[in-house]
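The values are calculated or read from the model by the stated rules, or taken from the named source; none is laboratory data. Since we're looking at a predicted model, the values are computed, not measured. Because the Cβ atoms are built from the backbone with ideal geometry, glycine has one as well, and the counts that use them run over all protein chains shown. Just the protein is used for accessible areas: all its heavy atoms, side chains included, with ligands, DNA and RNA removed. Shrake-Rupley method; radii C 1.70, N 1.55, O 1.52, S 1.80 Å.
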Amino acid sequence: MTAPGLVGHDDIDALVRRLRLGTEASELHGSLCGYLAGGGSLRGSSVLAALQLDGEATDANADDLALLARLARQSETELADPELGFEPLLPEDDRPLEQRAEAMVDWCRGFLGGFGLAGTAAHAQLSDEAQEVLRDLGTIAASSFDFGSEDEDEDALIEVQEFVRVAAMLLYTECAAPDPSASGTVH
């Protein structure tokens, strides 16, 4: 359940449909998180432009743009949370398992795309652990599921979701977390 005041999956789902973005809510959130984790900056750019989704969204009104800006601030705050409070935005637990599993695949696909869009030189200097995490996210993004025992499948999805949650924070910490030694000056 999304806490009051926070942007939730259903909010993004409604926005995606309103703006006809041609993506799923989980994939949009994954793209945004990947972009931020990869060192991408939204300063001076809208979320849709940064994620190269602005071509379809000609009818975005001020409320839609404000919702996207809130989502971006929320995502960046959660990725940087020292209490590790980040969670991928996925359908609620009362939704069918298949829908939630597919949303996880969409989220990972979006994350990898957003991470690539950030295009920073830091990607070339990723630790071995971060490179392995990216490969694992790619494996999840390319997955299709074969469902059997609902309890086992539910447990497996929880494990994958926890891995993805930690992976996103690790990549954010490695690529995008503010460096206290940086002067803030661009040369």
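Computed values, structure above
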| item | result |
| --- | --- |
| Selection count, the stretch 135-146, where residues are loosely packed, with under 14 Cβ neighbours inside 10 Å and modelled with pLDDT under 80 | 1 |
| For residue 106: the one exception among (1) out of contact with any Ser or Thr (no Cβ under 6 Å at 6 or more places or on another chain); (2) in contact (Cβ under 8 Å) with a residue 60 or more places away in the chain; (3) of a type in the set (D, E, K, R) | (1) |
| The stretch 7-22, residues that are at pLDDT 90 or above and in a loop (DSSP other than H, G, I, E, B) | 7, 8 |
| Criterion (exposed (fewer than 13 other Cβ atoms within 10 Å of the Cβ) and of a type in the set (A, V, I, L, M, F, W, C)) met by exactly one of 84, 89, 28 | 84 |
| Selection count where residues are aliphatic (A, V, I, L, M), in a helix (DSSP H, G or I) and in contact (Cβ under 8 Å) with a residue 12 or more places away in the chain, scope the stretch 109-130 | 5 |
| Any pair with Cβ under 8 angstrom, 6 or more apart, that starts in the stretch 131-146 at a residue that is touching a residue at least 12 places away in the same chain (Cβ under 8 Å) and ends at one that is in a loop (DSSP other than H, G, I, E, B) and open to solvent by less than 90 Å² (accessible area, probe 1.4 Å) | 134/126 |
| Residue 184 farther than 28 Å from residue 13 by Cβ and at pLDDT below 95 | yes |
| Flag for residue 34 being under 30 Å from residue 135 (Cβ atoms), at pLDDT 95 or above and under 18 Å from the mean Cα position of the chain (by Cα) | yes |
| Close pairs from the stretch 66-91: first under 21 Å from residue 105 (Cα atoms) and of a type outside the set (S, T, N, Q), partner open to solvent by 10 Å² or more (accessible area, probe 1.4 Å) and not in a helix (DSSP H, G or I), Cβ under 8 Å, at least 6 apart | 72/42; 78/85; 78/87; 79/176 |
| Restricting the stretch 37-61 to residues that are modelled with pLDDT under 85, of a type outside the set (D, E, K, R) and surrounded by fewer than 14 Cβ atoms within 10 Å (Cβ to Cβ), the residue that is farthest from residue 92 (Cα to Cα) | 44 |
